[in-house]
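This report concerns only the one structure given below.
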């Protein structure tokens with residue numbers, strides 16, 4: 001069962017720099033992959049993606065896990081527009097591409113994500129927002145069973161570091 005998101009403003013942007021090579025993270029991601037992603041091959045049309053859809057799933061699952069650990073009601077704001085994922089965009093910083101959109105849709109359809117669609121009133125309006133997602137109770141159960149913890153999740157190699 002998917003729960004309603006009561007406060008979509010309790011959110012932060014998707015962090016595309018989450019990563020972990022912990023073996024239990026691999027077990028969780030592999031289990032979801034085998035169960036819900038049939039062929040796992042990128043679409044033959046268009047440029048070849050630099051990061052596999054399975055690795056994009058890993059980034060998403062890890063960020064959902066961190067958000068859930070921080071606050072079970074915390075949502076992640078993510079654009080489901082293909083245009084937001086173009087080369088050079090904040091989402092594409094670690095080669096996370098628009099191929100993550102069907103990953104999000106598949107997880108939602110399978111009951112692993114609570115999701116509330118974007119809102120657009122007019123350009124520049126303060127109530128405009130991206131789609132919000134968070135770990136559903138079904139995914140939270142997997143998180144509770146997982147044999148890894150917050151400290152096992154780090155940052156991806158090659159993350160741009162800003163020094164002030």
task = Spot the failing condition for residue 111; the list is (1) on the phi > 0 side of the Ramachandran plot; (2) at pLDDT below 85, and only one is missed.
result = (2)
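Scan region 149-159 for residues that are closer than 21 Å to residue 51 by Cβ and modelled with pLDDT of 85 or more and jot them down. Don't jump to the end; show me each part of the working.
Within region 149-159, the subset closer than 21 Å to residue 51 by Cβ is 152-159.
152, 153 - these are the residues of region 149-159 that are closer than 21 Å to residue 51 by Cβ and modelled with pLDDT of 85 or more.
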query = When region 6-23 is examined, which residues are found to be over 30 Å from residue 117 (Cβ atoms) and in contact with a helix residue (DSSP H, G or I) (Cβ under 8 Å, 6 or more places away or on another chain)?
reply = 22
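Limited to region 37-64, what total is found for residues that are touching a strand residue (DSSP E or B) at 6+ places or on another chain (Cβ under 7 Å) and at pLDDT 95 or above?
Step one: list which residues in region 37-64 are touching a strand residue (DSSP E or B) at 6+ places or on another chain (Cβ under 7 Å), which gives 59, 62-64.
Narrowing the set further to residues that are at pLDDT 95 or above leaves 62-64.
Residues that pass the stated criteria total 3.
Residue by residue, here is whether (1) assigned to a helix (DSSP H, G or I); (2) closer than 19 Å to residue 55 by Cβ; (3) at pLDDT below 65 holds:
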position: 76; (1), (2), (3): no, yes, no
position: 88; (1), (2), (3): no, no, no
position: 102; (1), (2), (3): yes, yes, no
position: 106; (1), (2), (3): yes, yes, no
position: 124; (1), (2), (3): no, no, yes
position: 144; (1), (2), (3): yes, no, no
position: 161; (1), (2), (3): no, no, yes
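The values are calculated or read from the model by the stated rules, or taken from the named source; none is laboratory data. Every value quoted in this text rests on a predicted model; they were computed, and no experiment measured them. All Cβ positions, even for glycine, are placed from backbone atoms using ideal geometry, and neighbour counts span all protein chains on display.
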